[in-house]
Amino acid sequence: MSIHLSVVIVTFGLLLAFVTYTLRWIRISLCLPFAITVLGFLTSCAIVLFTQIILWGPFEYPMGGWAPPIGIAYNVDHLNSFMVLVVTLVALVNIIANWKGLQNFVGDRIGGFCALYILYVSGLNGILFTGDLFNLYVLLEIASLTGYALLAIGDRRLAPFASINYVFLGTMGACFYLLGIGFLYIKTGSLNMIDVSNLIKQLHNSPTIITAFMFIIVGIWIKMGLFPFHIWLPRAYTHTFGPVSSLIAPMGTKVMAYAMFKVVLTVFGINFVFRSNAFPHIVSTLALSAILFGSIFALRQTHLKRMLCFVVITEIGYLVSGLAIGNSNAIKGSILHMLNDVFMTFCLFLSGQAIIERMGVNIDGFSELFVKTPLISAVFITGALSVVGIPPTCGFFGKWYLLLGAVEKGNYPLFVTIILSSLLNLILFFKVIEIGFYGGKVIPTWRLTGAPPWSFYVGLCFAGVSIILMGLFTFHLIRYVIEPFLTPLGL
Amino acid sequence: MEKVYSVLPLYTILTSLCSVPFIMWNAKRPNLREGISLIAGILKFAIVLKMLPATLEGKAYEITLVELFPNVGLSLKADLLGCMFALVASFLWIITSLYSIGYMRGLKEHSQTRYYVFFAIALSSTIGVAFAKNLLTLYLFYEMLSLSTYPLVAHHQDEDAKSSGRKYLTYLVGSSIGLALPAIIWLYSRLNTLDFQPQGILNGLSTYESSLLFFMLIFGFAKAAIVPFHAWLPAAMIAPTPVSALLHAVAVVKAGAFSLVRVILEIFGQGFLAESWAGPALYLLTSLTILFGSLMAMYQKELKRILAFSTVSQLSYIVLGVSIISPLAIKGGLLHLAMHAFGKITLFFTAGAIYVAFHKKFIQEMEGLGRQMPITFAAFFLGSLSIIGLPPLGGFLSKWNLALGAYQGVGLPVMGVFLLSSLLNVAYFMPIVYKAFFPSQPAKWEFKEAPLPCLISMIVTSIISLILFFYPYPFFAITENLSKVLGG
């Protein structure tokens, strides 16, 4: 068993990103193939690592041989190694699928683009692995800064503006997080997650700890785009370049959701978080309003990508509602939904982007969608059914656990809200299907004709099939990925 | 019940699902494409037949494809009840495929490949519903059935089809997500299992809670069209007639009724109905539906809408039958599932034949048509006799058992409902037949029938309805066994 793989995934990613950039001085056409090779390498490392974790269990990696409370540690367990696998795999498939589109759109700046792309993925991998609160901040900044740069690509007028908007809010979120760990450090004198969680067991009533918790959680929520901190999200994801949105929309918010689970469950612990009803009540309200707000606002959109952004906001509501309910099944549901949502969002943004390239952004212009783009729309519908929660697509199973938890706990408002939002999402996507089937009010603007390249079909098939497979292997995901993470935490 | 591990139930589902790529592949070769549909249908029927003898002895073929939640997997179980439904559905699929050839070509319909593809998927889902081992698997195939039939219902792609299609999905998917799914999750959280068991699996729930869940499921499976969740069925009549014939007389609506049979007998059990107020409430609700459907049918002008409301009414016969605590009523209800299928599909076939030959939809226009289409109207006559429940047709047997069972189990009022509804059936079916043969203005005897495949299929189904009266052995044996096992 090689524990070094965990560190290889992050550091090699960071280093090779710069190598990718320097390749442009040798030959610019080398950049993209090299970037794909790098991501392929990271993915295969992630696969090996995940297999090792399944076989031999989680481990702690002391960085540079320094023992953990002093040195930085990577805590690799079942859940985060699987998340890393998901993130690298989806990033790899995304770049392969958009191979041609990238070459056409980015042109000679492809070297920079690939470097940013790999840096972003490595930043996310770091966030997932790290067991150190400050290290998490550093990697969060790496992921954020590269994310801002990537999101600024796209619509020449609107994308940079949307990105700046995100910079302001994102920085605010990161500052909140930093302030929070500052407070924690003052009180405990440690930054290692496990160390801190042991130290604050005696300090549950300390106002400093409570303040720290509030700062950290709000900071993470801003970065996640939880309602009402979501304002940056629709604009940033809408105006950006397609391959960027199908990279960042699936991963950015989900990795932050993982950070939230880690901070809430591992660092502060359920005994601290659920000792009074205050936290569940606040989260319940936020989750409820995120789900309702997202579903209702999505209904009002005519811009396909903007509509998908509001769907993402709804999904974020699901991710936090597990904490609102707070029992084992609900938290399982939220974590499962977090894993599934990567694939769902990827599927919707990838196929949605392809539809936009062909038929324009306006939903009303999607006449004859199914005749003209049969495979793309089939995959889009698979993603849509998953969002609605029709079995055997994966979206159903996360909702199942959430609803199960809500019934057990007796949290009926949330129970009803989740059902209601499923129905609203059904109406939402049915509207698109209806226009595709019967024709809409607007005459479609055909921008691009001809079949997409084969590489795009690879990505498309991956997106469609992964949704079904994630659904069918729910039992295994719960047993081998999520339960090993939750059981030591007392859930 | 003896369990046999077997892949056969899965094969039954896959036969039509696997035909989909071949149907798409041969989009440009209609003969081959429809041949594939027929072959898949025959294969499916053959596999179901192969499983029948063992299930009659009380065995059940089981397979778990994948575990989904603790104690609940994606599991199939071909037991006697499932086999009976699968037998009817798969046999009638063959006939309907034959009929479709005549109908779709006769009318030169567009998008015929899409039609055959979704038909095959719908049939797979129906068999999935029949062979589901637990409520979750049933729900999965139930949703698949709703979604795969949408393109069939909205086949014409015009404004009418749009609004009808919208109604169709809103009712069916809306109710299943809004009512059935929460109830299933709730049941799972209380019982920790969702497997179907004879006599039910209910324990430890308060009467109030279980009654609430019971009605959430009754309304949630809206394909059974119990008032007030029936309006999708008349709306769905916008579909091409073979779709209405197979899906809205056999597969879809019976999938709804079948789901309720499973829920009533194998989740809640008749014991629950006997003890709580849910039983009487269900009797009242289904009786209302029976009378409402029959009355509404009298006021319709379009032939297919008459048939739709008649179906609404007849579906509640099945649900009411299995909820009455009497082996005879259960037997009658289950028998009706098969008998009604043969009768009603004949009626739909004739309605389609009239449309193909004369483009006539309204019963007003059908005066004297019997002299031009004697075979069609003879079949219509036989079909309607079966629905009314008169000898010598199969429908008589099921209604006889139902009425007797109702008298045994509940008493005269419910028996009265059955008889009254039968009278109403006479009142809306017989005038059509009479006017067709004896119009007020004299009409010529001029032979002009629908295409041959259409004729063959309606002759076959009407004759089977007739034969089932004299030789009901297979269904008698099946329902007899079932009423013993399930009624207890």
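Each value in this text was obtained by applying a stated rule to the coordinates, not by laboratory testing. Just so it is clear, the model here is predicted, and its values are computed rather than measured. When we count neighbours, we look across all protein chains shown, and the Cβ atoms used for this are built from the backbone with ideal geometry, even at glycine.
With a Förster radius of 56 Å, plug the Cβ-Cβ distance of A:Leu203 and A:Asp364 into 1/(1 + (r/R0)^6) and report the FRET value to the nearest 0.05. Intermediate results must be reported in sequence, preceding the final value.
Values: r = 57 Å, r/R0 = 1.02.
Calculated value: 0.45.
For segment B:52-68, 3J(HN,Hα) computed residue by residue from phi via the Karplus equation (6.51, -1.76, 1.60; θ = phi - 60°) reads 4, x, 5, 5, 5, 7, x, 8, 9, 7, 10, 8, 10, 6, 7, 6, 10 Hz, glycine and proline entered as x. Are any of the pairs B:Lys44/B:Lys162; B:Lys162/B:Lys435; B:Lys361/B:Lys444 more than 29 Å apart by Cα-Cα distance, and if so, which? Violating the 29 Å limit, Cα to Cα: B:Lys44/B:Lys162; B:Lys162/B:Lys435. Placing a label point 7 Å from the Cα of B:Lys448 along the Cα-to-Cβ line, the residues of segment B:350-365 whose backbone N sits under 16 Å from it are B:353-362, B:365. Taking the number of Cβ atoms within 10 Å of each Cβ as an exposure proxy, the fewest-first ranking of B:Tyr103, B:Tyr428 is B:Tyr428, B:Tyr103.
What's the local net charge at A:Phe475, with K and R +1, D and E -1, over the other residues with C-beta under 12 Å away?
Working: positive: A:Lys332, A:Arg479; negative: A:Glu483, B:Glu67.
Value of the local net charge: 0.
Go ahead and collect, in residue order, the members of segment A:101-144 whose backbone nitrogen is under 15 Å from a label point 7 Å along the Cα-Cβ direction of A:Ile26. The answer is A:111, whose backbone nitrogens lie closer than 15 Å to the label point. Relative to one another, the C-alpha centroids of segment A:16-52 and segment B:84-133 are positioned 50 Å apart. Once you order the gyration tensor axes a ≥ b ≥ c over the Cα atoms, which shape class does chain A get: rounded for a/c under 1.5, otherwise prolate or oblate by comparing a/b with b/c? Oblate, since a/c reaches 1.5 and b/c is not below a/b. Summing Cβ point charges (Lys, Arg +1; Asp, Glu -1) relative to the Cα centre of segment B:1-264 gives a dipole of roughly 520 debye. On the beta carbon distance between B:Phe476 and A:Tyr457, with R0 = 35 Å, the FRET formula returns roughly 0.05. Counted by neighbouring Cβ atoms within 10 Å, the residues B:Phe476, A:Phe380 run from fewest to most as B:Phe476, A:Phe380.
Taking the Cα centre as origin and putting +1 on Lys and Arg beta-carbons and -1 on Asp and Glu beta-carbons, what dipole magnitude results for chain B, to the nearest 20 debye?
Working: 32 positive and 21 negative charges, 194 e Å.
It comes to approximately 920 debye.
Once both labels are positioned 7 Å from their Cα atoms along Cα-to-Cβ, the gap between B:Thr113 and A:Ile296 label points is 4.5 nm. Add +1 for every Lys or Arg and -1 for every Asp or Glu among the other residues with Cβ under 11 Å from the Cβ of B:Ile387, and state the total. So the surrounding residues net to +2.
How many partner chain Cβ atoms sit within 10 Å of a residue's Cβ in peptide B:177-189, on average, as a whole number? Numbers along the way, then the final one.
Working: counts 10, 6, 1, 0, 9, 7, 0, 2, 11, 6, 1, 4, 7.
Taking the mean over all residues of the peptide, I get 5.
Between B:Val410, B:Leu423, B:Phe438, the Cα set farthest toward the positive side of the dipole of chain B (charges on each charged residue's Cβ, about the Cα centre) is that of B:Phe438.
Cβ-to-Cβ counts within 10 Å put A:His239, A:His281, A:His337, B:His340 in ascending order as A:His281, A:His239, A:His337, B:His340, the fewest first. Within straight-line reach of A:Lys431, meaning a Cα separation under 12 Å, sit the following aspartates and glutamates at least 8 residues removed in sequence or on another chain: A:Asp364. So, R0 is 56 Å and r is the distance between the beta-carbons of B:Glu57 and A:Asn271; what FRET efficiency does that work out to, to 0.05? The value I calculate is 0.45. Each peptide in B:200-206, A:33-39 was scored by the mean count of other Cβ atoms within 10 Å over its residues; highest first, the order is A:33-39, B:200-206.
Compared with the alpha-carbon gap, the fully stretched path from B:Ser189 to B:Gln364 is longer by 57.5 nm at 0.36 nm per residue. Projecting the Cα atoms of B:Asn71, B:Ala132, B:Leu212 onto the charge dipole of chain B, computed from C-beta unit charges around the Cα centre, puts B:Ala132 farthest toward the positive end. If you take all other residues with their beta carbon under 10 Å from the beta carbon of B:Ala89, and give Lys and Arg +1 and Asp and Glu -1, the sum is +2. For the residues of A:468-478, the average number of beta carbons from a partner chain within 10 Å of their own beta carbon is 3. Would you compute the Debye intensity of the protein assembly as shown from its alpha-carbon atoms alone, equal scatterers and no solvent, and pass along log10 I(q)/I(0) at q = 0.10 Å⁻¹ to two decimals? Result of the Debye calculation: -1.12.
By its C-alpha gyration tensor, with a ≥ b ≥ c as the square roots of the eigenvalues, how is segment B:1-264 shaped: rounded for a/c under 1.5, else prolate for a/b larger than b/c, else oblate? Write out the running numbers ahead of the final one.
Working: a/c = 2.28, a/b = 1.32, b/c = 1.72.
Because a/c hits 1.5 or more and a/b fails to exceed b/c, segment B:1-264 counts as oblate.
This model, with +1 at the C-beta of Lys and Arg and -1 at the C-beta of Asp and Glu, gives the protein assembly as shown a dipole about its Cα centre of some 1580 debye. Of the residues A:Ser284, A:Ile313, A:Met338, the one whose Cα sits farthest towards the positive end of the charge dipole of segment A:273-367 is A:Ser284 (charges of +1 on Lys and Arg Cβ, -1 on Asp and Glu Cβ, taken about the Cα centre).
Summarising the amide proton neighbourhood of B:Val4: residues at separation of 5 or more, or on other chains, whose placed amide H is nearer than 5 Å comprise B:Ala60, B:Tyr61, B:Glu62.
Partner chain Cβ atoms within 10 Å, averaged over the residues of B:135-148 - can you pull that number for me? All intermediate terms of the calculation are to be shown ahead of the outcome.
Working: counts 0, 3, 2, 0, 3, 5, 2, 1, 7, 4, 0, 1, 4, 0.
Mean partner shielding for this stretch: 2.
Each Cα pair under 8 Å and six or more residues apart adds its sequence gap; the mean of these over the residue count of segment B:277-488 is a relative contact order of 29 percent. Cross-link check: pairs A:Lys305/B:Lys28; B:Lys304/B:Lys399; A:Lys305/A:Lys332; A:Lys441/B:Lys254; B:Lys77/B:Lys484 evaluated at a Cα-Cα cut-off of 27 Å; pairs beyond the cut-off: A:Lys305/B:Lys28; A:Lys305/A:Lys332; A:Lys441/B:Lys254. Working from the Cα coordinates of segment B:440-479, the gyration tensor eigenvalues give, after taking √(5λ), semi-axes of 33, 14, 6 Å in decreasing order. Helical runs (DSSP H, four residues minimum) scored at -39500 (n - 2.57) apiece and divided by the length of the protein assembly as shown put the mean residue ellipticity at 222 nm at -24500 deg cm²/dmol. Distances between placed amide hydrogens fall under 5 Å for B:Gly73 paired with B:Leu68, all partners being 5 or more residues away or on another chain. For a modelled paramagnetic label at B:Asp158, 7 Å from Cα along Cα-to-Cβ, the residues of segment B:231-258 in reach, with backbone nitrogen under 13 Å, are B:238-240. Close amide H partners of B:Ala132, meaning residues 5 or more places away or on another chain with modelled amide H under 5 Å apart, are B:Lys77.
If you take the Cα centroid of segment B:1-74 and the Cα centroid of segment A:377-396, the two points sit 24 Å apart.
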